[in-house]
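The structure appears right after this line, and notes come after that.
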Amino acid sequence: MNYNITYQRYHQILKTAKFFVDLISVVLGYGLALAWLLMEFGIRQDIAPEKDQILVLASTVAIGQLLIFKVIGLYRKEITIFNLEETRKILQAGLLGMAAVLIIGFVLSLDFNLVKGIALTGGGLTIALTLLERHIFYKLVKNNHKKGKWVKKILIYDVCPVGKLLLKKLFEMPQLGYWPLGFVDEKIKKGTLVSTNSSETNVEIPVLGSLENLEEIVKKEEAEELLIATPSVRMVDMLKIIKYAKKANLNYSFVPNLMDGLLHRARFWTIGGIPLMKTQAPRLSLFSRTLKRLLDIAISLLLLVFMAPVFLVIGILIKTSSKGPVIFKQIRIGKNGKPFVMYKFRTMKRNVRKYEHCPVGYEDKRITRIGKYLRRTSLDELPQFLNALKGEMSIVGPRPEMGFIVREYSDYQRERLLVKPGITGIWQLTADRGREIHENMDYDIYYIQNASVFLDILIMFRTVWFAVRGVGAF
């Protein structure tokens, strides 16, 4: 059987399985809610005649919920960081399902309290069950692909920085289903090993040869696709690469030559079939910005008040374990390059230089004994809720950098300054948290391009989970 067919069939089977498991989740969610509410309301004579209509309501909603899942895109193959996009769609679809229950119940003139109970209980159970089963699917798919099962075998052209980054990301995101076999390169000697250079996956793959023997490589390795990773390749060279790929009967994809510039801002559209590209800076709506600010104020106030005893205990521990102030103050660079004073609980010894590269591991000799614990649990970041309350920072956003690092930013890296810096963010929740802030632009750009209150809330929940597990972010 052709390997590509196996890969395609696997995802078709997966899509079908998701549909039927979603059906079970919807039937269970609304079925359990309906059974419980009928027991609660069934003794009332004015409710009893409505039972047939209630069953019609439940059946219609079950079918409608699956249609909403389909329309909203829950059966499309779409991989995002932490599977956030699928989570967002499940919650959105569940809320639409609840709204449908209320509307249909109103049309059928059913008892409002009963309909409200079905909507809230049934919708809530459906969302919870769907999130659970999709998480299980996500883990199963990821683990299968991580073992090399049902994957698409690919080659990467050019051992360049983008090619290495592509290799790293493919192994860090096995749920994509792409399995890099090796590199094709004109300059690097055949057999040379290229590492992912990742704290999460330390894998090496070889350079398999050059374009001249691409056909031989494809036959030997059973490769299915070529990823052309050279963003600045000349058109004449691109045509040459494509010619060899076609000769080897190999599908191909390529990184646009905007990779180092405006690609993350690119939006494609057409006029009469002519493709055009425009760029636009990301911007939250006024409503979203207002809601985000209100959340920052509310959460910061609550934490500062209720965590006051914790602040006191941490302060005593810091003061009694090492010499120096309890609160560490440092000038960081905020939105639009504006400097501000950032607060942290002191985790390093008093005699260390104030402005130098941050520690990237707990073994750093500059860190105090209590400082290791504070960093591991992220408790050292708590004073930054004062910065969030003052409006200098937000709870979620790119981490603020020191001035001497920002001065060396490229135009691409300066994109981080388009939004307020945050106490937590996507970078802190990944394996790359052990690397320096400015080396993880892909996470910051993803957040900036997809910023929303919903995304902030998801990141907050995951941050709490990481802190409970003791997975600190350096």
- Query: Residues in segment 176-192: is at least one within 30 Å of Leu91 (Cα to Cα), without any contact (Cβ under 8 Å) to a residue 60 or more places away in the chain, assigned to a helix (DSSP H, G or I) and in the same structural domain as Glu221 (by TED's automatic domain parsing)?
  - Reply: no
- What are the pairs, 6+ residues apart or on separate chains, where a residue within segment 203-221 that is among the β-branched types (Val, Ile, Thr) has its Cβ under 6 Å from a residue that is not in a strand (DSSP E or B)? Val203/Phe171; Val203/Thr196; Val207/Asp185; Val207/Ile188; Val207/Lys190; Val207/Thr192; Val218/Ala248; Val218/Leu250
- Item | Residue ID - nearest to Phe328 (Cα to Cα), chosen from residues in segment 354-408 that are modelled with pLDDT under 85 and small (Gly, Ala, Ser) | Ser378
- Item | Candidate set: segment 326-339, residues that are touching a strand residue (DSSP E or B) at 6+ places or on another chain (Cβ under 7 Å) and surrounded by fewer than 17 Cβ atoms within 10 Å (Cβ to Cβ); chosen: the one farthest from Met393 (Cα to Cα) | Val326
- Only unsatisfied item for Leu294, checking (1) under 21 Å from Lys420 (Cβ atoms); (2) surrounded by 14 or more Cβ atoms within 10 Å (Cβ to Cβ); (3) free of Cβ contacts under 8 Å to residues at least 40 places away in the same chain, is (2)
- Task: Would you please name the residue that is farthest from Leu455 (Cα to Cα), looking only at residues in segment 298-325 that are surrounded by 15 or more Cβ atoms within 10 Å (Cβ to Cβ) and among the β-branched types (Val, Ile, Thr)?
- Result: Ile318
- Item | Failed condition for Thr126, given (1) more than 26 Å from Asp237 (Cβ to Cβ); (2) surrounded by 14 or more Cβ atoms within 10 Å (Cβ to Cβ); (3) within 20 Å of the chain's Cα centre (by Cα) | (3)
- Item | Tabulated pairs, segment 18-34, first more than 14 Å from Gly122 (Cβ to Cβ), second buried (at least 22 other Cβ atoms within 10 Å of the Cβ) and not polar (S, T, N, Q), C-beta under 7 angstrom, 6+ apart or interchain | Asp22/Phe69
- Query: Restricting segment 265-316 to residues that are among the small types (Gly, Ala, Ser) and in a helix (DSSP H, G or I), which is modelled with the lowest pLDDT?
  - Reply: Ser288
- Restricting attention to segment 326-354, which residues are in contact (Cβ under 8 Å) with a residue 24 or more places away in the chain and in a loop (DSSP other than H, G, I, E, B)? Gly334, Arg346, Thr347, Lys349, Arg350, Lys354
- Task: Kindly check whether there is at least one residue in segment 188-203 that is at pLDDT below 85, of a type outside the set (A, V, I, L, M, F, W, C) and within 15 Å of Lys147 (Cβ to Cβ).
- Result: yes
- Item | Leading residue by the ranking (surrounded by the fewest Cβ atoms within 10 Å (Cβ to Cβ)) among those in segment 340-355 that are hydroxyl-bearing (Ser, Thr, Tyr) and over 17 Å from Ile395 (Cα atoms) | Tyr355
- List the pairs whose first member sits in segment 137-153 and is more than 20 Å from Phe19 (Cα to Cα) and of a type in the set (Gly, Ala, Ser), whose second member is modelled with pLDDT of 85 or more and outside any loop (DSSP other than H, G, I, E, B), and whose Cβ atoms are under 9 Å apart, counting only residues at least 6 apart or on separate chains? Gly148/Trp179
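The values are calculated or read from the model by the stated rules, or taken from the named source; none is laboratory data. Please read these numbers as outputs of a predicted model, since none were measured by experiment. Every residue, glycine as well, gets a Cβ built from its backbone with ideal geometry; the counts of neighbours run over all protein chains shown.
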